[in-house]
Each structure stands twice: as structure tokens, then as C-alpha cells.
1. Residues Leu169, Leu217: which one is on the phi < 0 side of the Ramachandran plot, at pLDDT below 95 and crowded, with 22+ Cβ neighbours inside 10 Å?
2. Take the residues of segment 79-109 that are more than 22 Å from the chain's Cα centre (by Cα), crowded, with 20+ Cβ neighbours inside 10 Å and aliphatic (A, V, I, L, M): which is farthest from Ala158 (Cα to Cα)?
3. Would you mind telling me which numbered condition in (1) open to solvent by 20 Å² or more (accessible area, probe 1.4 Å); (2) under 26 Å from Ile275 (Cβ atoms) Arg190 fails?
4. Looking only at helices (runs of 4 or more DSSP H) that fall completely inside segment 1-78, which ones have 3 or more residues that are surrounded by 23 or more Cβ atoms within 10 Å (Cβ to Cβ)?
5. Considering only segment 246-267, how many residues are without any contact (Cβ under 8 Å) to a residue 40 or more places away in the chain, part of a helix (DSSP H, G or I), over 16 Å from Ala14 (Cα atoms) and not β-branched (Val, Ile, Thr)?
6. Kindly list, by first and then second residue, each pair from a residue in segment 104-129 that is in a helix (DSSP H, G or I) to a residue that is polar (S, T, N, Q) and surrounded by 17 or more Cβ atoms within 10 Å (Cβ to Cβ), limited to pairs with Cβ atoms under 6 Å and residues at least 6 apart or on different chains.
7. Taking the condition within 16 Å of the chain's Cα centre (by Cα), buried (at least 18 other Cβ atoms within 10 Å of the Cβ) and free of Cβ contacts under 8 Å to residues at least 40 places away in the same chain, does Gly134 pass?
8. Give the residues of segment 79-103 that are in a helix (DSSP H, G or I), of a type in the set (Lys, Arg) and in contact with a Cys (Cβ under 9 Å, 6 or more places away or on another chain), sorted by residue number.
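The values are calculated or read from the model by the stated rules, or taken from the named source; none is laboratory data. Here the structure is a predicted model, which is why all the values come from computation and not from measurement. For neighbour counting, all protein chains shown are included, and Cβ atoms are generated from backbone atoms with ideal geometry for every residue, glycine included. Ligands, DNA and RNA are excluded from the accessible area calculation, which covers all protein heavy atoms including side chains. Shrake-Rupley method; radii C 1.70, N 1.55, O 1.52, S 1.80 Å.
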Amino acid sequence: MNFFEAILFGLVQALTEYFPVSSSAHIRIVGGLLGQDPGAAFTAIIQFGTELAVLLYFRHDIARILTHWFRCLAGKDGSSWRERMGSKDHDAALGWYIILGTLPIVVAGLLFQKIIETKLRNLWITVVVLIVFGLLLDYFDRHGRQNKEIRQMNARDALLFGIGQMLALIPGVSRSGGTMTFGRALGYTRESATRVSFLMAIPAVFGAGILETIKSLKNINADAAFPGWGATICATVVSFLLGYIVIIAFLKIVSRFSYRGFVIYRIGLAIFVAIMLMVGALPAVGGVAAN
């Protein structure tokens with residue numbers, strides 16, 4: 001991989017991480033078209049750029065949630081277990097809900113790691129998943145009640161949001177797409193479902209990213225795809241800066257429009273990939289791990 005290809009992957013990561021179109025599928029597809037596997041280390045590191053953009057944009061929400069969570073946990077609002085769990089403080093409760101929603105993807109990632117890294121990386125599976133979950137997102141977006149806000153979240157909803165995020169281990173589902181689909185099915189407004197998706201992704205992405213980076217860095221000298229630290233850092237900075245702009249744009253889009261445009265894009269991408277597979281321009285297997 002050369003310097004400019006590394007920058008291209010950074011752009012792709014930033015442009016697709018937050019939209020419900022699956023960044024892992026795009027990295028896999030672009031890598032296949034370029035004949036380049038970005039490598040585990042490079043892929044894990046540039047993810048930090050987009051997640052740092054999330055931390056920056058939602059810094060006030062994150063600080064408030066953490067402050068209230070630690071306050072309740074320390075018994076400042078009451079010593080009973082219910083009070084420590086945030087029964088009297090929504091922000092503290094939201095902290096617990098984010099933790100609860102993170103558990104499914106952690107458990108599934110550990111139990112099915114080999115399957116995720118091998119069989120589920122077949123692009124024919126990605127084609128099917130892009131279409132199916134695109135149609136599901138469109139259906140629930142059009143037929144959802146659209147009246148629930150984040151403040152109305154409970155433990156059951158948090159777990160279901162988490163299951164939606166867990167399904168993103170399959171390339172093509174999309175982490176944001178999975179959580180937004182489940183959120184709309186539960187009756188949450190588009191803005192609320194989108195914000196939950198962003199907040200719930202933080203511990204999952206950073207946790208997985210740190211583990212993958214540590215594991216990858218041990219073998220970085222043997223990673224032929226690694227483009228070098230200069231290109232990798234540059235690509236990460238690109239994913240951070242562009243990612244921040246994309247977050248702002250995406251939240252404005254969902255406040256005014258439906259998810260229909262993203263659904264059409266998913267189906268169009270699936271058709272394109274199927275054609276590329278049939279003519280042999282893309283390999284069905286190989287590429288990068290799901291993110």
C-alpha cells in the first residue's frame with residue numbers, strides 16, 4: 001500500500017463509519033478493487049480517528065453521563081442499589097444502559113471470532129446483508145411510531161439496541177445501521193436513534209480497537225500491507241477531521257429527512273458488488289476484518 005492509497009482508506013473510513021452503509025463493507029470493497037488488503041494494524045488504527053471525532057462532538061454529553069454515573073455509583077443520590085443504578089438520575093441510568101448495550105457485541109465477538117474473521121467476510125454475504133438490512137431500515141423508518149426520546153430508554157431497549165450493534169459484526173449490516181434499525185423498530189425518533197448509535201459505539205469501538213491494535217502491533221513488522229507510520233498517522237488525521245464534519249452533516253440530515261437515501265445507496269452498492277463479483281473484478285473472500 002502506498003501513501004495515497006492509505007489516505008484513500010482514511011477518507012473511506014470517515015465517509016462511511018457513521019452512515020448506515022457499513023464502513024467494513026466499503027473498506028473490504030475498496031481494498032478488493034485496488035488489490036490491496038489494508039491490514040489489521042492499519043485498519044484498527046484509523047478507526048481511532050473517527051471515534052475521536054465522536055468523542056469531540058459528544059464531549060459534553062459524555063462528560064455529563066460519566067459525572068452522573070460516578071456520582072450515583074458512589075451513593076451520592078442514595079445508597080440503595082436502585083439509586084446507585086440511576087433510578088433517580090436519567091444520565092446515570094443512561095451510562096448503565098450504554099454498558100448493557102455493549103455486552104452483546106463483546107460476547108458475540110469473543111464467542112464467534114473465528115467465524116467473523118473467515119466465513120462472514122465473503123462478499124456474497126455482504127451483498128445479501130446490504131439489501132436485507134437496508135429494506136428493514138426503510139420499513140421501520142417509515143412505520144415506526146417516531147415518538148420515543150433518549151430519556152425514555154429502559155434496560156430492555158438498551159439490550160435490543162445492543163443486539164442491533166452486535167449484528168454489525170457481519171460486514172454489510174453497519175453498526176449505525178443495526179442500532180438505528182432497532183431504534184426505529186422500538187419507536188425512537190430518528191435523532192434519538194442516531195444519538196444512541198453514536199454513544200453506544202464508543203466503548204465497543206474503542207475496546208475492540210485497542211485490543212486489535214495491541215495484537216496487530218506485535219506483528220507489524222510482518223504485516224506486508226502496513227504502509228508505514230507516516231501514511232497511517234496521516235490517514236488517521238484525515239479520518240478524524242473529515243469524520244467530525246460528517247457527524248455534523250449526518251445529524252442535520254436525519255433531523256430533516258428519512259433514511260431512504262441511505263437505503264437506496266445500500267441496494268445500489270449491493271448490485272454493483274454483485275456485478276463485480278460475477279465478472280471477477282472483486283474476490284469473494286479475503287480483505288479486512290469487520291469493524
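1. Numbers: Leu217 fails: crowded, with 22+ Cβ neighbours inside 10 Å.
None of the others qualify; the one that does is Leu169.
2. Going through the qualifying residues, I end up with Ala92.
3. Against the list (1) open to solvent by 20 Å² or more (accessible area, probe 1.4 Å); (2) under 26 Å from Ile275 (Cβ atoms), Arg190 comes up short only on (2).
4. 3-16, 23-34, 40-57
5. Residues in segment 246-267 being without any contact (Cβ under 8 Å) to a residue 40 or more places away in the chain, part of a helix (DSSP H, G or I), over 16 Å from Ala14 (Cα atoms) and not β-branched (Val, Ile, Thr): 3 in total.
6. Listed pairs, sorted by first residue: Ile105/Gln165.
7. On the way: within 16 Å of the chain's Cα centre (by Cα): yes; buried (at least 18 other Cβ atoms within 10 Å of the Cβ): yes; free of Cβ contacts under 8 Å to residues at least 40 places away in the same chain: no.
Taking the combined requirement at face value, the residue does not satisfy it.
8. Arg84 - this is the single residue of segment 79-103 that is in a helix (DSSP H, G or I), of a type in the set (Lys, Arg) and in contact with a Cys (Cβ under 9 Å, 6 or more places away or on another chain).
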